[in-house]
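**Q** Please read through the structure below; I'll follow up with questions.
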Amino acid sequence: MVIEDLATRPELREPALGLGGVGGEFLQHDLTGLLAKSSHLAARWPEYFLVLLEDGVPVARAAAVPVGFPTAERPELPDHGWDAALIWAAEDLLSARETNTLIALEVLVAPGRRGGGLAAKALEALKKRASEKRMRKLVVPVRPAGKENEPGLSFEDYVARRRPDGLPEDPWLRTHERVGARYVKVAPFAMTVTGTFAQWKAWTGVELQDGLAAVPGGIAPVLASSALDVGVYVEPNVWMEHLVDPVSTC
């Protein structure tokens, strides 16, 4: 396994982006997330866009953004999770604020290679890069993808589930804990997608009705109103914190 970044290997950009995306197609229409397209992250923060290669072929990628945290105006991780993380990164970039924390925005493993430990390797690589850049920690708004299979269960109940060995039942949360992360809190408004009934039909194939509706690729329901012709999807995530080993100065 070889791990590269796009700052030193820019030719890996297109093969890495070709690995696909996370969640349902509708997640590409999160308004804040339009700024965080993988292609934008690759262009602006290539040193934090890592590509895992096996025999020269990309099998996973991981992208993060640097932010200043905590600060006087940012005493804790935001309830708006993934969306707010991107806003913080943009604010700090525009104001030239000193950064000391990495926030991972995506870890993606190629279809057919999932479940083999590559996600853990990607997380360890991000922690190593954070250490090399003298960051204090790596924090992640974790999207527990297993929740897609249980749309009727409350998010809090799902996240609280533990196996007999004490680790989370959700595989992605479990991976984070196995590599040393600690649970911080739920981010109840991590991503928000708003669209008309026609847009939701195009994105998901689902004909919305008034009330709550499960959609493919969602870990929360869409709240729909035919009177307003709008469906709103608000996705919760879980903030996890990885402490970073300081770089030795010896």
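**Q** Tell me, what % of the accessible area of the chain is carbon and sulfur with a 1.4 angstrom probe?
**A** The nonpolar share, carbon plus sulfur, comes to 55 percent.
**Q** What Rg and what Dmax come out for segment 32-170 when only alpha-carbon atoms are used, in angstroms?
**A** Radius of gyration, then largest Cα-Cα span, for segment 32-170: 16.2, 48 Å.
**Q** How charged is the neighbourhood of residue 163? Take every other residue with its Cβ under 9 Å from the Cβ of residue 163, and add Lys/Arg as +1 and Asp/Glu as -1.
**A** Its environment carries a net charge of +1.
**Q** Separation between the residue 182 and residue 25 pseudo-spin-labels, each 7 Å from Cα along Cα→Cβ, expressed in nm?
**A** 4.3 nm
**Q** Is segment 1-78 best put as rounded, prolate or oblate by its Cα gyration tensor, with a ≥ b ≥ c the root eigenvalues, rounded for a/c under 1.5, and otherwise prolate when a/b is larger than b/c, oblate when not?
**A** oblate
**Q** Rolling a 1.4 angstrom probe over the protein heavy atoms, how many square angstrom per residue are accessible across segment 35-133? Numbers along the way, then the final one.
**A** On the way: 4220 Å² over 99 residues.
I get 43 Å² per residue for segment 35-133.
**Q** Quick one: which residues, 5 or more positions from residue 100 or on another chain, have an amide H under 5 Å from its amide H? H modelled 1.01 Å from N in the peptide plane, none for Pro or chain starts.
**A** Excluding prolines and chain starts, which carry no amide H, the hits are 67, 68, 69.
**Q** Convert 20 °C to kelvin, take the viscosity as 1.002 mPa s, use the Kirkwood radius over C-alpha pairs of the chain as Rh, and evaluate the Stokes-Einstein diffusion coefficient in µm²/s, rounded to a whole number.
**A** 114 µm²/s
**Q** Points 7 angstrom from Cα along the Cβ direction at residue 96 and residue 72: gap in nanometres?
**A** According to this spin-label approximation, the distance is 2.0 nm.
**Q** Would you kindly find the accessible area of residue 44, with a 1.4 Å probe and non-protein molecules such as ligands, DNA and RNA excluded, rounding to the nearest 10 Å²?
**A** Its accessible surface works out to 110 Å², give or take rounding.
**Q** So, one more: Counting only protein chains, not ligands or nucleic acids, how are 137, 121 ordered by accessible area (probe 1.4 Å), most first?
**A** 121, 137
**Q** Points 7 angstrom from Cα along the Cβ direction at residue 227 and residue 209: gap in nanometres?
**A** Reported label-point gap for residue 227 and residue 209 is 1.9 nm.
**Q** Roughly how many Å² of residue 191 are accessible to a 1.4 Å probe, to the nearest 10?
**A** 20 Å²
**Q** Give the lysines reachable from residue 185 as a straight Cα distance under 21 Å; neighbours fewer than 8 places away on the same chain don't count.
**A** 127, 137, 147
The values are calculated or read from the model by the stated rules, or taken from the named source; none is laboratory data. Small disclaimer: the values here were computed from a predicted structure and weren't measured. Counting neighbours? That spans all protein chains shown, and the Cβs are built from the backbone with ideal geometry, glycine included. Each accessible area value is taken on the protein alone, full model and side chains, heavy atoms only, with ligands, DNA and RNA left out. Shrake-Rupley method; radii C 1.70, N 1.55, O 1.52, S 1.80 Å.
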